[in-house]
Amino acid sequence: MAGKTVLITGGTGGIGKATALGLAARGARVAITGRDAERAARAAEEIRAVASAPVEVFIADLSSQQEVRGLAGEVMQTLDRLDVLVNNVGGFWNSRRLTADGLEYTFALNHLAPFLLTNLLLEPLKDSAPARVVTVSSGAQAMGRMDFADLQAERSYSGQRAYNQSKLANVLFTYGLAARLAGTRVTANALHPGVVRTAFGAEDPGPLQGFLTPLVQRWMKSPEQGAQTSIHLASAPELENVTGQYFANSTAKKSSKRSYSRADADRLWQLSAALVGLESDSERSTNLP
């Protein structure tokens, strides 16, 4: 990874920090994002201890579209290239809450944030090609359903259902992105990191999660183990031309049947573009001469 630049969202703890440490140790120039400046500074010091290249830190709350846009602008001003974008940030909330943009938090952070950031950074990725977009999904995508009639869960909210939907959205987005990037030498793949011991969901856990997590922690992966598939997708030479795939344990796997719906992928893309204020495919084709 020497000479390569990698941006990892949510790189201040858990799987994200472990991914950053692993890629920095392989020679990459690593940049991380985080919400808390002090926590980000501590993470950066850890990464610098194993890095042979500079480590950059960007502070942004990715639940806010304004901050996602600000982050993209900072990245393009600070980094002279972008070889890999790892969309790692995400979470689980048992209670329904809204972002600064008035959107349901789980859908906004887990799906709309990587959707918007990736689209805003496509030009530096293309300019650095061969380049890669790696999106951290979850095995929960297999239980997900896209409720297009109630994407914001205004009529009925379940933390688990919202999370499952957002992780399915990650895979649908990845497959849609891979198709749109055909011929650019920018690849897009998604992954399941496994069940990992992190602070995931600790801010607002569900009752079952609060009960079960202490009981099963000994069988969970460490953050370092959970990061291995992200590191593999970001760095393995043999994956340079592999795109539109879903990985678990560093191996390509079949994702859920629903994730292969081209109609759902296209519908999700158009709705997501509208929600984040990006030009949709249909608008782009209408504007062609």
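I'm trying to understand the selection: among the residues of segment 111-136, which are under 21 Å from GLU279 (Cβ atoms) and hydroxyl-bearing (Ser, Thr, Tyr)?
THR118
Where helices (runs of 4 or more DSSP H) fall wholly inside segment 120-233, the ranges with 3 or more residues that are modelled with pLDDT under 95 and in contact with a helix residue (DSSP H, G or I) (Cβ under 7 Å, 6 or more places away or on another chain) are 223-226. Exactly one residue out of VAL50, VAL57, VAL68, VAL86 is assigned to a loop (DSSP other than H, G, I, E, B) and among the aliphatic types (A, V, I, L, M), and it is VAL50. Is it the case that some residue within segment 126-137 is farther than 22 Å from PRO237 by Cα, under 17 Å from the mean Cα position of the chain (by Cα) and open to solvent by 10 Å² or more (accessible area, probe 1.4 Å)? Taking every residue of segment 126-137 in turn, none turns out to be farther than 22 Å from PRO237 by Cα, under 17 Å from the mean Cα position of the chain (by Cα) and open to solvent by 10 Å² or more (accessible area, probe 1.4 Å).
Listed by first and then second residue, the pairs linking a residue in segment 239-261 that is farther than 15 Å from THR187 by Cβ to a residue that is of a type in the set (Ser, Thr, Tyr) and not in a helix (DSSP H, G or I), with Cβ atoms under 6 Å apart and 6 or more places separating them unless they lie on different chains, are LYS253/TYR246; SER255/TYR246.
For the structure I just gave you, tell me whether THR33 is out of contact with any helix residue (DSSP H, G or I) (no Cβ under 6 Å at 6 or more places or on another chain), crowded, with 23+ Cβ neighbours inside 10 Å and modelled with pLDDT of 95 or more. Spelling it out, THR33 is indeed out of contact with any helix residue (DSSP H, G or I) (no Cβ under 6 Å at 6 or more places or on another chain), crowded, with 23+ Cβ neighbours inside 10 Å and modelled with pLDDT of 95 or more.
Does PRO114 satisfy the criteria of being within 16 Å of the chain's Cα centre (by Cα) and either surrounded by fewer than 16 Cβ atoms within 10 Å (Cβ to Cβ) or touching a residue at least 24 places away in the same chain (Cβ under 8 Å) (or both)?
yes
Among the residues making up segment 15-30, those that are open to solvent by less than 30 Å² (accessible area, probe 1.4 Å) and either assigned to a helix (DSSP H, G or I) or in contact with a Pro (Cβ under 6 Å, 6 or more places away or on another chain) (or both) are ILE15, GLY16, ALA18, THR19, ALA20, GLY22, LEU23, ALA24.
Quick grid of which residues meet (1) among the hydroxyl-bearing types (Ser, Thr, Tyr); (2) over 16 Å from the mean Cα position of the chain (by Cα); (3) modelled with pLDDT of 95 or more:
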residue: ALA18; (1), (2), (3): no, no, yes
residue: LEU23; (1), (2), (3): no, yes, yes
residue: ARG26; (1), (2), (3): no, yes, yes
residue: VAL50; (1), (2), (3): no, yes, yes
residue: ALA53; (1), (2), (3): no, yes, no
residue: VAL57; (1), (2), (3): no, yes, yes
residue: ASN94; (1), (2), (3): no, yes, no
residue: GLY102; (1), (2), (3): no, yes, yes
residue: PHE107; (1), (2), (3): no, no, yes
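Of all the numbered requirements in (1) in a helix (DSSP H, G or I); (2) closer than 22 Å to ARG29 by Cα, TRP269 misses one, and that requirement is (2).
The values are calculated or read from the model by the stated rules, or taken from the named source; none is laboratory data. Just so it is clear, the structure is predicted and the values come from calculations on it, not from any experiment. Neighbour counts are summed over all protein chains in view; Cβ atoms, including those assigned to glycine, are modelled from backbone coordinates with ideal geometry. Quick note on the areas: whole protein, heavy atoms, side chains included, nothing else; ligands and nucleic acids left out. Shrake-Rupley method; radii C 1.70, N 1.55, O 1.52, S 1.80 Å.
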